[in-house]
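Written below as structure tokens is the structure these notes are about.
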Protein chains: 2
Amino acid sequence: MTQITRLMPATPKDNAAPLAPRDGETVFPTIEGVRFAAVEAGVRYQGRLDVMLAELAPGSSVAGVFTRSSTRSAPVRMCEAHLATAAQTEAPFAILVNSGNSNAFTGRAGDESTDALAKAVAARMDCPVSHVFPASTGVIGERLPHDRIVAKIDQLADSLSAEAGARAAQAIMTTDTYVKGAWCEVEGMRIAGMAKGSGMIAPDMATMLVYIFTDAAVAQPVLQEILGELTDTTFNAITVDGDTSTSDTLILGATGRGGTPRIETRDDPRCALFEEALRAVMLDLSHQVVRDGEGATKFVEIAVTGAASNSSAHKVGMSIANSPLVKTAVAGEDPNWGRIVMAVGKSGEPADRDTLSIRFGNVLVAENGWVAESYREEAGAAIMREEDIAIRVDLGLGGGAATVWTCDLTHGYISINADYRS
Amino acid sequence: MTQITRLMPATPKDNAAPLAPRDGETVFPTIEGVRFAAVEAGVRYQGRLDVMLAELAPGSSVAGVFTRSSTRSAPVRMCEAHLATAAQTEAPFAILVNSGNSNAFTGRAGDESTDALAKAVAARMDCPVSHVFPASTGVIGERLPHDRIVAKIDQLADSLSAEAGARAAQAIMTTDTYVKGAWCEVEGMRIAGMAKGSGMIAPDMATMLVYIFTDAAVAQPVLQEILGELTDTTFNAITVDGDTSTSDTLILGATGRGGTPRIETRDDPRCALFEEALRAVMLDLSHQVVRDGEGATKFVEIAVTGAASNSSAHKVGMSIANSPLVKTAVAGEDPNWGRIVMAVGKSGEPADRDTLSIRFGNVLVAENGWVAESYREEAGAAIMREEDIAIRVDLGLGGGAATVWTCDLTHGYISINADYRS
């Protein structure tokens, strides 16, 4: 089990979510070959960090995964294009992120803003434009005032520092109630990531941005393959409200400056260690996002086993995790297993009433097509009063398994998303 | 346009939903060849009608559509089986419905209860068991006390009356805040339907039951084909919370006792008239269900055009209709078109930012990949303050179109589903 350390704010916010992590360090670790900078550019907010720049040393490998939304934003489209063409030339890579404005659904003007930013960064950092990976998060449908950011590029580049990771993590926050970071070290390879989500600014949606850095040396095709696989069981296995952002972006950069042997293929025994550590960082960050879910008071793990396939198990899990009836039952601390049965049934995946079993934590609730003989309502209710709740469903059909994570659906969610006009 | 009349309660409930219909008649129309009865059997509730029996005269055609849930209830499974084998023998058909207990996820005992009920009804009504269509709605996972219902079969059969439709519609209600019925007449053919949903009893889900009767004469295969098609654009085009009941049942019975010529094929010009009238009844009942959606304060029509296909348009529409972010925006009277863009994007269906247009009512909000030049926030906000709201999305890709209906997501929904323990 990989030991994960979390990033904690130096001065916790008063409105931090009830499920916010309770321990960690206030300093983001240094990663050989990575430098950060953050400034106040006044994109939308005043008096707070809202632009971050990260630099990866020449020779780094960069991998990425992005939202599958068909209405994805201009920066996402640029990242996809750059990922396809970015060669490991002897030039640095740059990540530029602003909060306050997502530059999504801004028509041709959006592409122009993204182009202007990427060109300004490339010129200042002395790298090809294809080495720049931009992201924007915040209001959608409003023109990005990119001049304000361009005006800060020199200041950002001048202040790049290996120690500024925590400031960078702060700069990408929107209405997150706490800063999100997680890291670990295995066999001399350090992996550290930061994330933002799932706070929201009207009229925006819960954009998720994730940046992970490692000093390991990993060939780019290997890095991309691993990242894609691990995303399925981490960031693609969480849901707050089933809605998908137009801007979700996950970038992984490996500098190779840590002095450990280069991983060229997945057969390398060090690759498995690297994967396990990377998965631990990704999983922890993804859980931090759920724990900051709007209005969340419960963290729910849904483990589905015995499915026809892993993919089928994932769909059943997501059907449960996205069911408003299940999520409100959890909010009400109601061990309402009937709603789990309903959510399994509506998933469209193979399931059989008579082979299905349901557990809350380790309490067997239902089996053989009915409530379990041993089940007592008080036992289920006790599980539901916990802050972290496990729901286990075995379909009794095959070897497919998947675990997903979500939070409850509360008055807080409605208040955040309905009560205030944008 | 078919003229629809609605059923209204003789004494409206104090807690009737804000969107409850405001006009109609308190008497359900008679349909030649159909008789109803309703009793208090004390299945779960005391002091209210909770079992209804409907009889269709010998020679009737019966069609049905049911939930696709893989965990569907024992009565649903029996109806499916009976529909496959029910011949037009010279015997009546019977529909038996209880509220208070859904007999879902009750294992083998559930099948035994359903068998016992069907046999008791068949014996008393002098029809084959395959002519009995049972349904149960209410708590799931608790054994149905079917003896209490069996004990009332004689009383039900003895009191069958053509005039008791309104009582029958009352008996199938659970936590519906108003009784639901709609009817019309075209070319001498009368069509009248009743529905229940989407109130809920913990630990139950929003079961929808619909029974429609006509005195038209329609060959069974034609009736079934029409019913299946019309369901796609009516009951399968509504959503309150995206959750699917284990018990959803829609039965359509045509007695052929109205004296109008028998419809043997869909080429019969009378068939188109019948279809149009039937669709009007189904659409009105489906809207009544949405208007009684838990916590609903807004009725929302989402019309998608310009899609790659009708099916693609339906999926985009449902993606918008089920989006918690869209539904909370509607609750907050927020003309938040960014969330519509998001919901289109996450649907997984073909869509192009630059060909997409969005209208609130007749107000053009977005086009050409950005907010429309003519759009003023006040115009969108004015639409959102209405009780009935139309959202129109044109994808600009093809000729596919679909319309779906939903309600908003409010604190009321959370209160109903989370605040009270079952």
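At-a-glance table
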| quantity | calculated |
| --- | --- |
| So residue B:110, is it at positive phi and either acidic (Asp, Glu) or at pLDDT 90 or above (or both) | no |
| In the range A:135-175, the residues that are aliphatic (A, V, I, L, M) and within 14 Å of chain B (Cβ to nearest Cβ) | A:139, A:140, A:144 |
| Cβ pairs under 6 Å, 6+ apart, first in the range B:360-389 and assigned by TED's automatic domain parsing to the domain that holds residue B:407 and modelled with pLDDT under 95, second part of a loop (DSSP other than H, G, I, E, B) and polar (S, T, N, Q) | B:370/A:106 |
| The range B:362-416 - residue that is of a type in the set (Phe, Trp, Tyr) and under 31 Å from the mean Cα position of the chain (by Cα) and, of those, nearest to residue A:143 (Cα to Cα) | B:405 |
| Positions within the range B:312-331 being within 9 Å of chain A (Cβ to nearest Cβ) and surrounded by fewer than 24 Cβ atoms within 10 Å (Cβ to Cβ), in sequence order | B:322 |
| Criterion (modelled with pLDDT of 95 or more and in contact with a helix residue (DSSP H, G or I) (Cβ under 6 Å, 6 or more places away or on another chain)) met by exactly one of B:313, B:307 | B:307 |
| Among (1) of a type outside the set (Lys, Arg); (2) more than 14 Å from chain A (Cβ to nearest Cβ); (3) part of a helix (DSSP H, G or I), the one test that residue B:64 misses | (3) |
| Pairs where the first residue, in the range B:188-202, is at pLDDT below 95 and the second is among the acidic types (Asp, Glu) and in a loop (DSSP other than H, G, I, E, B), C-beta under 6 Å, 6+ apart | B:196/B:176; B:199/B:176 |
| Residue in the range B:138-155 that is in a strand (DSSP E or B), in contact with a Gly (Cβ under 8 Å, 6 or more places away or on another chain) and under 23 Å from residue B:46 (Cβ atoms) present | yes |
| Residue in the range A:86-108 that is farther than 25 Å from residue A:214 by Cα and assigned to a strand (DSSP E or B) present | yes |
| Residues that are part of a loop (DSSP other than H, G, I, E, B) and more than 14 Å from chain A (Cβ to nearest Cβ), drawn from the range B:210-248 | B:215, B:216, B:217, B:219, B:234 |
| Residue check for residue B:308: within 12 Å of chain A (Cβ to nearest Cβ), closer than 12 Å to residue A:417 by Cβ and either surrounded by fewer than 24 Cβ atoms within 10 Å (Cβ to Cβ) or of a type in the set (A, V, I, L, M) (or both) | no |
| Selection from the range A:365-405 of residues that are buried (at least 19 other Cβ atoms within 10 Å of the Cβ), away from chain B (no Cβ under 12 Å) and either aromatic (Phe, Trp, Tyr) or in contact with a Lys or Arg (Cβ under 7 Å, 6 or more places away or on another chain) (or both) | A:389, A:392, A:405 |
| Filter pass, residue B:62 being under 23 Å from residue B:94 (Cα atoms), within 18 Å of the chain's Cα centre (by Cα) and β-branched (Val, Ile, Thr) | yes |
| Number of the exception - residue B:80 against (1) farther than 22 Å from residue B:170 by Cβ; (2) buried (at least 19 other Cβ atoms within 10 Å of the Cβ) | (2) |
| Residue within the range B:284-301 that is within 14 Å of another protein chain (Cβ to nearest Cβ), crowded, with 24+ Cβ neighbours inside 10 Å and more than 26 Å from residue A:416 (Cβ to Cβ) present | no |
| Number of the condition not met by residue B:353 [criteria: (1) at pLDDT below 95; (2) surrounded by fewer than 24 Cβ atoms within 10 Å (Cβ to Cβ); (3) over 28 Å from residue A:410 (Cβ atoms)] | (2) |
| Tally of residues being within 8 Å of chain A (Cβ to nearest Cβ), more than 17 Å from residue A:110 (Cβ to Cβ) and out of contact with any Lys or Arg (no Cβ under 7 Å at 6 or more places or on another chain) across the range B:332-347 | 4 |
| Selection within the range B:24-58 - part of a loop (DSSP other than H, G, I, E, B) and within 30 Å of residue B:259 (Cα to Cα) | B:24, B:26, B:27, B:28, B:29, B:30, B:31, B:32, B:33, B:57, B:58 |
| All positions within the range B:1-59 that are more than 19 Å from the chain's Cα centre (by Cα), of a type in the set (Gly, Ala, Ser) and closer than 17 Å to residue B:212 by Cβ | B:33, B:57 |
| Conditions (1) in contact with a helix residue (DSSP H, G or I) (Cβ under 6 Å, 6 or more places away or on another chain); (2) closer than 30 Å to residue A:369 by Cβ; (3) of a type in the set (A, V, I, L, M); number of the one not met by residue B:251 | (1) |
| Matching residues in the range A:175-196 - criterion: being among the β-branched types (Val, Ile, Thr) and surrounded by fewer than 24 Cβ atoms within 10 Å (Cβ to Cβ) | A:175, A:177, A:186 |
| Breaking point among (1) in a loop (DSSP other than H, G, I, E, B); (2) surrounded by fewer than 24 Cβ atoms within 10 Å (Cβ to Cβ); (3) among the small types (Gly, Ala, Ser); (4) within 14 Å of another protein chain (Cβ to nearest Cβ), for residue A:20 | (4) |
| Filtered residues of the range A:329-357 (kept if polar (S, T, N, Q) and farther than 22 Å from residue B:73 by Cβ) | none |
| Test result for residue B:100, farther than 18 Å from residue B:50 by Cβ and modelled with pLDDT under 95 | no |
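This table checks each residue for (1) of a type in the set (Gly, Ala, Ser); (2) assigned by TED's automatic domain parsing to the domain that holds residue A:105; (3) touching a Ser or Thr at 6+ places or on another chain (Cβ under 6 Å); (4) at pLDDT 95 or above.
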| site | (1), (2), (3), (4) |
| --- | --- |
| A:212 | no, yes, no, yes |
| A:225 | no, yes, no, yes |
| A:228 | yes, yes, no, no |
| A:236 | no, yes, no, no |
| A:241 | no, yes, no, no |
| A:244 | no, yes, yes, no |
| A:247 | yes, yes, yes, no |
| A:250 | no, yes, no, no |
| A:258 | yes, yes, no, yes |
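Conditions (1) in contact (Cβ under 8 Å) with a residue 40 or more places away in the chain; (2) buried (at least 24 other Cβ atoms within 10 Å of the Cβ); (3) within 25 Å of residue B:356 (Cα to Cα); (4) not assigned by TED's automatic domain parsing to the domain that holds residue A:72, marked per residue:
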| residue | (1), (2), (3), (4) |
| --- | --- |
| A:107 | no, no, yes, no |
| A:114 | yes, yes, yes, no |
| A:119 | no, no, no, no |
| A:122 | no, no, no, no |
| A:126 | no, no, no, no |
| A:135 | yes, yes, yes, no |
| A:149 | yes, yes, no, no |
| A:168 | yes, yes, no, no |
| A:171 | yes, yes, no, no |
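The values are calculated or read from the model by the stated rules, or taken from the named source; none is laboratory data. Remember, it's a predicted structure, so these values are computed and weren't measured experimentally. Backbone-built Cβ (ideal geometry, glycine too); neighbour counts: all protein chains shown.
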